[in-house]
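K.L.:
What follows is a structure written as structure tokens; I'll ask about it next.
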Amino acid sequence: MSRRARLLLAAVNGAIYAFLLAPILVVVVVSFGDSAFLQFPPRRLSLRWYTDLGEYPDFVQSFWLSLGLAAATAAVAGVVGTLGAFALVRHRFPGRRLLGALVMAPVALPGLVTGIALLQFFSLLRTEPSIARLLAGHVAVTVPYVVRSVAAALAGVDRTLEDAARGLGASPWTATRLVTLPLVKPGLVAGAVFSFILSFDNVAVSLFLTTPRLVPLPIQIYNYVESSARPIIASISTLQVAIVVMLLAIAERVVGFSRRYVGGVEP
Amino acid sequence: MTGGRPRPPATGRGAPAAAASGGRVPRTGRWLAAPLAFWLAAWFLLPVALLLAESFRPVVIGQPTPPGLTLANYARFLGDPFYRGTLAATLVLGAAVTALALALGYPVAYGLARGRHRGRAVLRLCVVAPLLVSVVIRTYGWIVLLANNGAVNQALLALGLVDQPVKFLFTHTGVLIGLVHFALPVAILSLVGVIEAVDRSLEDAARGLGAGAWRAFWAVTFPLTLPGVAAGGMLIFSLTVAAFVTPALMGGPSLIVLSTLIYQQMTVTLEWGFGAAVATILLVVATGLFLAAQRGLASMRGTGAAA
């Protein structure tokens with residue numbers, strides 16, 4: 001490319017990157033403002049919207065609910081998805097093709113449709129509204145990512161390593177535990193972290209499964225934004241973003257998360 | 001994940017005999033698959049199937065549901081100009097967002113796919129970052145930016161481009177901006193794969209034969225990426241028509257799309273049969289295009305495997 005073309009491309013792309021990051025950065029900046037009303041750019045900086053968070057017990061409750069829900073979703077989806085990936089990649093069983101074809105279906109369907117379907121289903125079952133409803137829905141829409149990520153890792157494991165362990169006298173379970181699982185671990189961690197984030201961010205499914213007492217954080221933020229765009233929303237949002245960033249940084253150190261997901265992320 | 005081979009029988013002796021004698025075939029596979037199969041069946045497939053069924057059930061307000069199946073809910077949707085308008089608005093908005101996201105995403109994707117500089121990892125992270133932030137927070141950010149006294153209007157006024165603040169919120173323009181932002185990372189990520197799949201040496205050959213950089217790009221690289229651009233477009237379209245938060249918070253009552261109509265039917269007017277029918281229409285449009293896009297993008301990358 002000529003120098004001029006390259007400069008032009010860089011300028012255009014710079015503007016587009018700014019567009020991509022602007023709404024996130026603006027939330028972070030507003031959260032450190034001092035004014036009682038929404039003001040951008042803030043005249044003075046302060047931490048009042050963080051120290052005041054305690055006065056918004058519904059935000060605090062929603063925050064812990066979402067954190068717990070995301071952790072439980074990651075754990076359940078991690079276990080269920082890993083077992084399923086082993087079955088799909090390593091075993092033969094009736095319905096294997098069907099399961100392999102259907103496992104990505106929750107990704108293909110609009111989350112809103114899944115949410116409504118669950119709402120209707122749970123009211124047919126007449127179950128009491130509970131966190132279990134949310135967990136059921138969150139695992140259903142995140143488990144495909146664990147299956148895909150573990151299956152990809154598993155497909156890359158050299159079978160002869162396991163055969164060697166078996167030849168040296170290890171039982172199938174010991175060989176799997178000591179040889180295969182450590183090799184699959186990066187895929188498992190990446191899938192579980194991704195499940196955590198998707199659950200922590202989820203709106204479409206949660207929207208229909210909330211009750212006045214069980215409101216996940218994104219829905220709580222949604223409700224607040226709907227009534228007024230106060231700065232308290234900015235501080236709780238910044239905290240949520242900070243948790244996702246921290247988690248990603250840890251995952252990056254442990255398993256190289258971005259190598260697995262950057263380039264293949266689907267919302 | 002379809003590339004897996006069945007595990008060879010673990011016992012060294014008499015493997016074919018073990019496979020033939022049914023009872024000794026290891027059942028490990030079905031036990032491992034059971035939790036996943038159960039979860040998907042109970043908390044996804046069955047509820048979705050019941051939702052589809054609900055859309056075909058006759059509804060008489062205030063009475064128990066009569067037996068039989070009906071297309072009345074669909075007929076009501078297609079017969080009413082307001083609902084048809086909602087569908088049209090959703091599709092038009094989806095098409096506009098898709099076109100804009102592809103146009104803005106292409107140069108960024110090109111820079112990421114062909115650039116050789118060290119900052120590429122950071123730039124990729126900037127593209128992915130919005131996807132990892134809840135869409136509610138991104139939308140809130142746009143509301144702060146686009147408010148009447150927001151940063152965008154302040155800048156426009158300061159530059160003398162407008163005399164009074166432009167009304168972005170609760171207008172089509174605001175929703176369009178929010179949705180383009182929502183779709184752009186997806187556009188960039190799918191286009192990076194598409195552009196990377198085009199052999200760089202083809203462009204070099206065109207240059208070697210005397211074409212300028214622009215000409216080499218427009219005559220060689222761009223046409224080769226078009227099938228991938230189309231597949232990426234279908235993916236963006238399917239995600240955009242299903243988007244809920246951005247039209248709900250930024251459009252308000254000025255812009256009803258399918259997703260906000262469904263929400264209204266399910267939570268406010270409580271006409272579940274009709275809501276289920278609208279949800280089915282959205283499902284068919286969004287999922288159909290999503291699957292077509294997956295297929296197209298997979299074949300562009302030359303892997304052919306399930307994405």
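The values are calculated or read from the model by the stated rules, or taken from the named source; none is laboratory data. No experiment lies behind these values; they were computed from the predicted model shown. Glycine also receives a Cβ, built like all others from the backbone with ideal geometry; neighbour counts cover every protein chain displayed.
K.L.:
Does region B:131-151 include one or more residues that are more than 10 Å from every other protein chain (Cβ to nearest Cβ) and under 20 Å from A:S228 (Cα atoms)? Lay out the reasoning, then the answer.
P.N.:
Initial filter on region B:131-151 (more than 10 Å from every other protein chain (Cβ to nearest Cβ)): B:148.
Next, only the ones that are under 20 Å from A:S228 (Cα atoms) stay: B:148.
Looking for residues that are more than 10 Å from every other protein chain (Cβ to nearest Cβ) and under 20 Å from A:S228 (Cα atoms), one finds at least one in region B:131-151, hence yes.
K.L.:
Assuming B:R114 fulfils every condition listed in (1) within 14 Å of chain A (Cβ to nearest Cβ); (2) under 22 Å from the mean Cα position of the chain (by Cα) apart from one, which condition is it?
P.N.:
Of everything listed in (1) within 14 Å of chain A (Cβ to nearest Cβ); (2) under 22 Å from the mean Cα position of the chain (by Cα), B:R114 misses just condition (2).
Residue-by-condition table, conditions (1) polar (S, T, N, Q); (2) more than 11 Å from chain B (Cβ to nearest Cβ):
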site	(1), (2)
A:L124	no, no
A:E128	no, yes
A:W173	no, no
A:L178	no, yes
A:L183	no, yes
A:G191	no, yes
A:S195	yes, yes
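K.L.:
Here's a check for you: in region A:115-142, which residue that is among the hydrophobic types (A, V, I, L, M, F, W, C) and more than 17 Å from B:L51 (Cβ to Cβ) is surrounded by the fewest Cβ atoms within 10 Å (Cβ to Cβ)?
P.N.:
Going through region A:115-142, the residues among the hydrophobic types (A, V, I, L, M, F, W, C) turn out to be A:116-119, A:121-122, A:124-125, A:131-132, A:134-136, A:139-141.
Then keep just the ones that are more than 17 Å from B:L51 (Cβ to Cβ); that gives A:131-132, A:134-135, A:139.
Details: A:I131: 15, A:A132: 13, A:L134: 25, A:L135: 20, A:V139: 27.
Selected residue: A:A132.
K.L.:
Given (1) without any contact (Cβ under 8 Å) to a residue 12 or more places away in the chain; (2) more than 9 Å from chain B (Cβ to nearest Cβ); (3) in a helix (DSSP H, G or I), identify the lone condition not met by A:Q120.
P.N.:
In the conditions (1) without any contact (Cβ under 8 Å) to a residue 12 or more places away in the chain; (2) more than 9 Å from chain B (Cβ to nearest Cβ); (3) in a helix (DSSP H, G or I), A:Q120 misses (2) alone.
K.L.:
Taking region B:169-180 on its own, how many of its residues are over 23 Å from B:L131 (Cβ atoms) and among the hydrophobic types (A, V, I, L, M, F, W, C)? Quick ask: steps written out before the conclusion?
P.N.:
Taking region B:169-180 first, the residues over 23 Å from B:L131 (Cβ atoms) are B:169-173.
Next, only the ones that are among the hydrophobic types (A, V, I, L, M, F, W, C) stay: B:169-170.
Counting residues in region B:169-180 that are over 23 Å from B:L131 (Cβ atoms) and among the hydrophobic types (A, V, I, L, M, F, W, C) gives 2.
K.L.:
Which condition from (1) at the interface with chain A (Cβ under 8 Å from one of its Cβ atoms); (2) modelled with pLDDT of 90 or more is the one that B:L102 breaks?
P.N.:
Single failed check for B:L102: (1).
K.L.:
B:A216 passes all but one of (1) touching a Lys or Arg at 6+ places or on another chain (Cβ under 6 Å); (2) modelled with pLDDT of 90 or more; (3) not basic (K, R); which number fails?
P.N.:
So B:A216 meets the others, but not (2).
K.L.:
With the condition being farther than 19 Å from A:I219 by Cα and over 29 Å from the mean Cα position of the chain (by Cα), I'd like the helices (runs of 4 or more DSSP H) fully within region B:195-264 carrying at least 3 qualifying residues. Break it down stepwise before answering.
P.N.:
Values: elements: B:200-208, B:213-216, B:222-242.
Per the criteria, B:200-208, B:213-216.
K.L.:
Separate question: Scan region B:152-159 and tell me whether some residue there is away from chain A (no Cβ under 13 Å), surrounded by fewer than 23 Cβ atoms within 10 Å (Cβ to Cβ), closer than 26 Å to B:G251 by Cβ and not hydroxyl-bearing (S, T, Y). Quick ask: steps written out before the conclusion?
P.N.:
Our first condition is that a residue be away from chain A (no Cβ under 13 Å); within region B:152-159, this holds for B:156-157, B:159.
Checking the rest, the ones that are also surrounded by fewer than 23 Cβ atoms within 10 Å (Cβ to Cβ) come to B:156-157, B:159.
Checking which are closer than 26 Å to B:G251 by Cβ leaves us with B:156-157.
Within this subset, residues satisfying the condition of being not hydroxyl-bearing (S, T, Y) are B:156-157.
Yes, region B:152-159 contains a residue that is away from chain A (no Cβ under 13 Å), surrounded by fewer than 23 Cβ atoms within 10 Å (Cβ to Cβ), closer than 26 Å to B:G251 by Cβ and not hydroxyl-bearing (S, T, Y).
K.L.:
Continuing with the same structure: Just checking, how many residues over region B:110-125 are surrounded by 20 or more Cβ atoms within 10 Å (Cβ to Cβ) and either in contact with a Cys (Cβ under 9 Å, 6 or more places away or on another chain) or more than 19 Å from A:R3 (Cα to Cα) (or both)?
P.N.:
Of the residues in that region, 0 qualify.
K.L.:
Pick from A:A101, A:A72: which is within 30 Å of B:L283 (Cβ to Cβ), more than 7 Å from chain B (Cβ to nearest Cβ), surrounded by fewer than 19 Cβ atoms within 10 Å (Cβ to Cβ) and at pLDDT below 95?
P.N.:
A:A101
K.L.:
So, one more: Could you please find all residues in region A:225-235 being part of a helix (DSSP H, G or I), surrounded by fewer than 23 Cβ atoms within 10 Å (Cβ to Cβ) and in contact (Cβ under 8 Å) with a residue 12 or more places away in the chain?
P.N.:
Start the filter on region A:225-235 by keeping residues that are part of a helix (DSSP H, G or I), which leaves A:225-227, A:231-235.
So of that shortlist, the ones also surrounded by fewer than 23 Cβ atoms within 10 Å (Cβ to Cβ) come out as A:225-227, A:232.
Passing the criteria: only A:I232.
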